[in-house]
Amino acid sequence: MDRYAVIGHPIKHSKSPQIHAAFARQTKQEMEYKPLLAPLDGFADTVRAFRDEGGRGANVTVPFKLQACSLSTRLTERARAAGAVNTLTFEGDVIVGDNTDGAGLVRDLANNLACPLAGSHILLLGAGGAARGVILPLLLARPAVLTITNRTVERAYELRALFADRAGGTQLTAGGYDDLEGWSFDLVINATSASLENQLPPIPESVFAPGALAYDLMYGKGVTPFLAAARSAGCDLIADGLGMLVEQAAESFALWRGVRPDSARVLARMRRKQAFTR
Ligand code: ATR
């Protein structure tokens, strides 16, 4: 049986084994997918041991996505752009590193949330690893505007510079929260880690255009302060990152197995379960 794993520290909380098991059942794939705890100082050894025992591929989660990037002997374009890897595929001695996070976000927005991206005005909050990982896939969806805003403004400028030559027809801008006054967007994505500490990036209410979607990359935290702020600003379309989680898993699954699972069905079931357990 083909073996896969999700490697992280901690790893017990991961929903990936449950998601991949559902995909495997749906598509009748003979495979095993397990959580694998790597010691904080032993990521590379854990990956190599798993591969040497016959592992075919692995997902990588916190805090190892940067190490996975260094460990990869070949990187896909989107992994290089993200500077991080969440999907490893073992091909003999070659370790292929890919990043399906941004593509997962774009698929969730386009397919599950019916959010048109082409020609839209998008605001991205944050300039850390999570933000960097979604910029290229967002640009490839050809929005009219993509504005990167961060508390430490220099980091937003750095990301703008990093992606300037990939912007195509998109107006790619960067700045601080103060610069947002008076501007509004069709889609506001929270890629900061503020929700983890129950905090809110200081965005003016005006950033939500009528009919805008507010999207928090965080999931499992209920209505975060960001989503609550969006609601009180009159924004009635809000989403957490559960859809992105399921869609990035579907991207990895399709890469490994050559079949695309019905991710929307798995997501719908997880949302029903979440509603009952909250
Ligand atoms: P991740 O990998 O989750 O992106 P990170 O690289 O540490 O983590 O980046 C965290 C991001 O959240 C940064 O953009 C950070 O802003 P700074 O660069 O100014 O530190 C942002 N962030 C964290 N807490 C925040 C808060 N309370 N308000 C606004 N932004 C916050």
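The values are calculated or read from the model by the stated rules, or taken from the named source; none is laboratory data. None of these values were measured; they are calculated from a predicted model. Methodologically, a virtual Cβ is constructed for each residue, glycine included, from the backbone with ideal geometry; neighbour enumeration extends over all protein chains shown.
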Among the residues listed as Ser252, Ser195, the single one being touching a residue at least 40 places away in the same chain (Cβ under 8 Å) and among the polar types (S, T, N, Q): Ser252
Considering residues that are in a loop (DSSP other than H, G, I, E, B) and in contact (Cβ under 8 Å) with a residue 12 or more places away in the chain, the number found within segment 228-249 is 5
List every residue pair whose Cβ atoms sit under 7 Å apart, with the two residues 6 or more apart in sequence or on different chains, where the first one lies in segment 167-191 and is free of Cβ contacts under 8 Å to residues at least 60 places away in the same chain and the second, anywhere, is of a type in the set (Phe, Trp, Tyr). Leu172/Phe163; Ala174/Tyr157
Quick one: in segment 168-205, of everything that is surrounded by fewer than 17 Cβ atoms within 10 Å (Cβ to Cβ), under 20 Å from Cys115 (Cβ atoms) and among the small types (Gly, Ala, Ser), which residue is farthest from the ligand (Cβ to nearest atom)? Gly169
Which of the following residues is within 12 Å of the ligand (Cβ to nearest atom), under 17 Å from the mean Cα position of the chain (by Cα) and surrounded by 22 or more Cβ atoms within 10 Å (Cβ to Cβ): Ala156, Ala127? Ala127
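Results for (1) buried (at least 24 other Cβ atoms within 10 Å of the Cβ); (2) farther than 25 Å from Leu75 by Cα; (3) within 16 Å of the ligand (Cβ to nearest atom), shown as yes or no for each residue.
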{"residue": "Asn99", "(1), (2), (3)": "yes, no, yes"}
{"residue": "Asn112", "(1), (2), (3)": "no, yes, no"}
{"residue": "Gly133", "(1), (2), (3)": "yes, no, yes"}
{"residue": "Arg142", "(1), (2), (3)": "no, no, no"}
{"residue": "Val207", "(1), (2), (3)": "yes, yes, yes"}
Can you tell which of Ala161, Ala130, Ala141 is among the small types (Gly, Ala, Ser) and touching a Ser or Thr at 6+ places or on another chain (Cβ under 8 Å)? Ala130
Criterion first (in a helix (DSSP H, G or I) and among the basic types (Lys, Arg)) does Arg3 satisfy it? no
Enumeration of residues in segment 36-58 that are touching a residue at least 60 places away in the same chain (Cβ under 8 Å) and either within 16 Å of the ligand (Cβ to nearest atom) or loosely packed, with under 12 Cβ neighbours inside 10 Å (or both): none
For Asp41, are the conditions met, namely being over 23 Å from Gln274 (Cβ atoms) and at pLDDT below 95? no
